[in-house]
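Here the structure is laid out as structure tokens; the discussion comes afterwards.
Here, each number is a calculation from the coordinates, and none is a lab measurement. The model shown is predicted, which means the values in this text are computed figures rather than measured ones. Neighbour counts are summed over all protein chains in view; Cβ atoms, including those assigned to glycine, are modelled from backbone coordinates with ideal geometry.
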Amino acid sequence: MFGVEIRVLDNAEQPIPHDGLAFGELEVRGPWIASAYFNRKGDPAFTGDGWFRTGDVVTVDELGCIEIVDRAKDVIKSGGEWISSITLENLVMGHPAVQEAAVIATPHAKWDERPLLLVVPKPGTTPTAEDILGYYEGKVAKWWIPDAVGIRGEPAAYRHRQAVEGGAEGPLPGPAGGVAGETLAWPLPGRDVPLGFPGLGVERE
């Protein structure tokens with residue numbers, strides 16, 4: 001873009017390789033790029049050397065073409081690496097039994113965050129967690145595959161709201177699918193959650 005400098009930095013603030021695979025946050029700088037928001041001194045959206053952090057997570061190929069793959073606030077930061085929630089959602093929508101899907105981050109003691117997949121199955125289908133998670137095999141790195149999947153019993157309109165404060169204690173009633181292990185509290189405080197998944201008990205390893 002004429003008159004605008006562009007750079008893409010990874011989670012460690014290092015330039016990404018132009019291979020179409022690695023991704024980082026897009027930053028721009030130029031004479032007609034805003035240098036600050038009104039009355040917001042020290043805003044983290046702007047770097048000390050004048051770059052504007054767009055919040056877009058992108059890849060760059062060998063020809064310099066940029067593809068937006070996610071938003072910085074939506075990527076799942078796991079073990080110092082980024083996992084694209086949008087990529088995981090788009091992939092699982094190819095499963096023949098999936099009607100709607102959302103991927104969100106859940107806290108993890110070792111990896112900081114891990115992906116959790118929420119699914120509304122198509123009418124007349126009864127997919128299992130193992131079947132849905134197995135659909136990712138060979139399509140993404142193994143460590144990208146969600147730790148668990150919550151399966152809604154009936155297709156529902158898919159809207160979002162802010163999760164209510166606090167969470168339930170112990171297992172929650174309602175349809176659920178997942179791998180064996182501890183039960184996550186639901187809803188997750190401070191997250192946007194699909195209204196199509198009320199009272200969802202979600203398990204993970």
Taking only C-alpha pairs under 8 Å that are 6+ residues apart, what is the relative contact order of the range 1-151 in percent? 15
Kindly provide the trypsin sites (Lys or Arg not before Pro) of the range 11-110 that DSSP labels as loop, not H, G, I, E or B, and whose Cβ sees at most 12 other Cβ atoms within 10 Å. R40, K41, K73, K110
Could you list S78, S85 so that the one with the fewest beta carbons within 10 Å of its beta carbon is first and the one with the most is last? S78, S85
Compute the distance from the alpha-carbon center of the range 36-56 to that of the range 107-154, in whole Å. 35
To the nearest 20 debye, what charge dipole does the range 5-71 have about its Cα centre, counting +1 at the Cβ of each Lys and Arg and -1 at the Cβ of each Asp and Glu? 480
Loop only by DSSP, 14 or fewer other Cβ within 10 Å of the Cβ. Give me the GluC sites (Glu not before Pro) in the range 1-98 that pass, ordered by residue number. E13, E62
Treat the count of other C-beta atoms within 10 Å as a stand-in for reagent exposure and order L63, L9, L117, L133 from fewest to most. L63, L9, L133, L117
Relative contact order for the range 5-71: what percent, with Cα pairs under 8 Å and sequence separation of 6 or more? 33
Give the lysines whose C-alpha is closer than 18 Å to that of K142, dropping any in the same chain fewer than 8 places away, or say none. K77, K110
